[in-house]
1. Which is within 24 Å of Gly359 (Cα to Cα), open to solvent by 10 Å² or more (accessible area, probe 1.4 Å), outside any loop (DSSP other than H, G, I, E, B) and touching a residue at least 12 places away in the same chain (Cβ under 8 Å), of Phe263, Phe187?
2. Considering each of Ser201, Ser196 in turn, give the residue that is open to solvent by less than 40 Å² (accessible area, probe 1.4 Å) and among the polar types (S, T, N, Q).
3. Considering segment 370-410 alone, what residues qualify as being in a helix (DSSP H, G or I) and under 30 Å from Cys451 (Cβ atoms)?
4. Is it fair to say Ser256 is open to solvent by less than 10 Å² (accessible area, probe 1.4 Å), out of contact with any strand residue (DSSP E or B) (no Cβ under 7 Å at 6 or more places or on another chain) and in contact (Cβ under 8 Å) with a residue 12 or more places away in the chain?
5. Just to be sure, is Leu182 open to solvent by less than 10 Å² (accessible area, probe 1.4 Å), in contact (Cβ under 8 Å) with a residue 40 or more places away in the chain and either under 22 Å from Trp513 (Cα atoms) or basic (Lys, Arg) (or both)?
6. With (1) farther than 27 Å from Phe21 by Cα; (2) buried (at least 24 other Cβ atoms within 10 Å of the Cβ) as the list, and Ala170 as the residue in question, which single condition is left unmet?
7. Any idea how many residues of segment 191-227 are hydroxyl-bearing (Ser, Thr, Tyr), out of contact with any His (no Cβ under 8 Å at 6 or more places or on another chain) and either assigned to a helix (DSSP H, G or I) or within 22 Å of Ile63 (Cβ to Cβ) (or both)?
8. Look at Gly113 and say whether it is free of Cβ contacts under 8 Å to residues at least 12 places away in the same chain and either open to solvent by 40 Å² or more (accessible area, probe 1.4 Å) or under 24 Å from Ser233 (Cα atoms) (or both).
Amino acid sequence: MLRPGDAPHGSPLSFVGAMVFIQAMLLVVYFTCVEYDDELFSSEGDDHVSRLYPHFQDVHIMILVGFGFLMTFLKRYGYSSVGLTFMTAAVTIQWYVVCDGLMTQIFDHAATGKSFEPIKISMETPIFGDFCTAAVLISFGALLGKVSPLQLLLIAFLETVFFCINENIAKHLGVVDIGGSLIVHLFGAYFGLAASKVLTSESMVASALNAASYRSDLFAMIGTLFLWCYWPSFNSILAGETARERTILNTVLAISASCAATFTMSSLLHYLEDMEKHKVKRTTRRCPSLAPSDFKKFDASKFQIELNEAASPDPKALTLEAPDTPASPDPLIGKLTKKKRTKLGGFSMVDIQNATLAGGVAVGAVANMVIGPGGAILIGMMSGMLSVGGFVHIQPWLQSKLGLHDTCGVHNLHGLPAVLSGILSIVYSWLASTTDAHGAQYSYRREEVLCDVFSHRCEHHLDAGDQALIQFEYMLISLMMALLGGSITGIIARQVANIDTEENDAFNDDQFWQVAEGTTYGETHALKELLLHDKLGKSTSNSKLSNAV
């Protein structure tokens with residue numbers, strides 16, 4: 001286990017020093033370079049508050065409660081999942097205001113020669129700060145349990161810089177991405193995957209604590225439900241007046257359809273997976289020539305329940321086998337064909353916690369477009385199926401073939417649905433018009449409705465094909481920016497002392513938190529050893545161990 005004297009960079013004092021430095025720097029910058037926007041001194045400020053603040057509250061709850069509890073599925077990492085989410089959000093929002101203000105002025109100066117001025121903040125500023133925080137926390141999901149608080153602080157600091165660059169590229173290109181599928185989800189997912197590839201070791205992945213428990217999975221569902229309920233606010237908070245209601249409706253329909261598709265695909269794919277794994281073959285039960293008198297002669301005591309570990313890796317799989325006897329007076333023995341009962345399929349909590357939300361990601365880039373109610377349902381269904389397929393097939397393949405470990409499966413919830421959303425944004429941007437040329441269901445009917453969604457297209461007099469090309473170009477830019485930024489950040493973070501995995505510090509709250517007595521991983525295993533060595537009664541050992549865990 002890391003100790004202050006053994007690893008100076010991993011000691012609590014290193015984290016304290018880094019946090020003090022960041023906060024001191026932010027304090028100086030806020031005092032000297034940050035000012036209120038002029039609209040805060042006019043009547044427009046009240047309009048912005050009444051229009052934006054309720055949605056901002058929803059998004060804030062998503063960030064802290066939704067993301068925080070969604071990551072509590074690890075059985076010994078609940079404190080860190082919620083606590084470090086809280087810390088990361090608080091620091092990222094402050095740093096984003098400064099970083100984005102500076103980056104915006106750099107881009108404006110390069111484009112128009114505009115001179116630098118103090119950073120202005122308004123009601124929209126913390127909203128964009130929450131978007132940046134969401135990207136950072138998505139990346140944290142890929143690294144969950146494998147980085148120290150100091151490393152996470154460094155990653156959040158550097159990722160915010162890359163995020164601001166990527167975001168300003170989107171603004172200057174005129175990208176349409178109302179729900180942040182390309183700017184937030186695509187970027188955050190692949191940034192985290194690139195960093196995870198650099199920072200993850202084999203010993204971390206092999207840790208016994210890299211697993212969930214019944215209670216931890218239940219806590220994670222709290223995060224899922226909060227995210228599911230508030231996702232329409234996330235997608236619609238920045239939508240224009242003519243598009244906000246459409247954005248909310250499209251998101252509700254898509255995320256509902258993804259939930260239904262997830263339950264269906266989870267049960268189906270795990271059933272097929274178990275069929276393949278156990279190589280179960282349907283057999284016909286034969287009951288030849290059984291007379292009523294045979295049932296009366298049946299002696300149940302001649303059957304015994306045995307564990308059949310050879311037939312199944314699950315020690316709880318039970319079979320009924322008759323004892324080896326040379327001859328039995330019971331005529332029913334030998335006439336019944338015994339069949340092993342094996343559980344096949346079932347819902348996976350990993351799928352339900354994550355893939356049910358995929359519709360919110362997939363519809364994000366097109367949520368304010370005229371996609372039609374049927375289109376929203378179809379997008380949700382496709383994203384749910386794609387996400388479950390990612391958890392069942394793609395993620396294990398990436399880990400076994402590429403050594404890419406993704407703790408929370410952010411590639412399946414955020415990465416793949418975001419790619420789908422990017423492709424859909426290309427298609428629907430090309431279809432967008434005020435006529436019925438591509439069907440009445442895709443018509444925006446009035447020019448102001450079209451321009452409320454495609455403001456850059458109208459301002460620069462572009463056609464539908466130009467906007468579709470912009471969407472395609474930016475999807476590639478965001479992906480490359482994420483992979484490059486994540487790799488660079490991972491290399492830098494690797495220079496900071498990492499968690500010592502030899503003593504179960506990965507995925508373990510004991511390393512960085514004061515955990516309540518009797519609940520630590522080490523104490524639980526010490527109790528187990530004590531019970532075994534003292535040769536306590538079987539029932540006593542099991543009950544005490546159960547209470548300790």
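1. Working: Phe187 fails: open to solvent by 10 Å² or more (accessible area, probe 1.4 Å).
Unique residue meeting the criteria: Phe263.
2. It is Ser196.
3. Step one: list which residues in segment 370-410 are in a helix (DSSP H, G or I), which gives 373-402, 410.
Correct list: Pro373, Gly374, Gly375, Ala376, Ile377, Leu378, Ile379, Gly380, Met382, Ser383.
4. Details: open to solvent by less than 10 Å² (accessible area, probe 1.4 Å): no; out of contact with any strand residue (DSSP E or B) (no Cβ under 7 Å at 6 or more places or on another chain): yes; in contact (Cβ under 8 Å) with a residue 12 or more places away in the chain: yes.
It is false that Ser256 is open to solvent by less than 10 Å² (accessible area, probe 1.4 Å), out of contact with any strand residue (DSSP E or B) (no Cβ under 7 Å at 6 or more places or on another chain) and in contact (Cβ under 8 Å) with a residue 12 or more places away in the chain.
5. On the way: open to solvent by less than 10 Å² (accessible area, probe 1.4 Å): yes; in contact (Cβ under 8 Å) with a residue 40 or more places away in the chain: yes; either under 22 Å from Trp513 (Cα atoms) or basic (Lys, Arg) (or both): no.
Criteria not met by Leu182.
6. Going through the list (1) farther than 27 Å from Phe21 by Cα; (2) buried (at least 24 other Cβ atoms within 10 Å of the Cβ), Ala170 breaks only (2).
7. Let us first name the residues in segment 191-227 that are hydroxyl-bearing (Ser, Thr, Tyr), namely 196, 200-201, 203, 207, 213-214, 216, 224.
Cutting the leftovers down to out of contact with any His (no Cβ under 8 Å at 6 or more places or on another chain) gives us 201, 203, 207, 213-214, 216, 224.
Within this subset, residues satisfying the condition of being either assigned to a helix (DSSP H, G or I) or within 22 Å of Ile63 (Cβ to Cβ) (or both) are 203, 214, 216, 224.
Here the count works out to 4.
8. Working: free of Cβ contacts under 8 Å to residues at least 12 places away in the same chain: yes; either open to solvent by 40 Å² or more (accessible area, probe 1.4 Å) or under 24 Å from Ser233 (Cα atoms) (or both): yes.
Criteria met by Gly113.
The values are calculated or read from the model by the stated rules, or taken from the named source; none is laboratory data. The shown structure was predicted, so the numbers you read here are calculated from the model rather than taken from an experiment. Positions of Cβ are generated from backbone atoms using ideal geometry, with glycine treated the same way; all protein chains shown enter the neighbour counts. These accessible areas exclude ligands, DNA and RNA; they are computed on the full protein's heavy atoms, side chains included. Shrake-Rupley method; radii C 1.70, N 1.55, O 1.52, S 1.80 Å.
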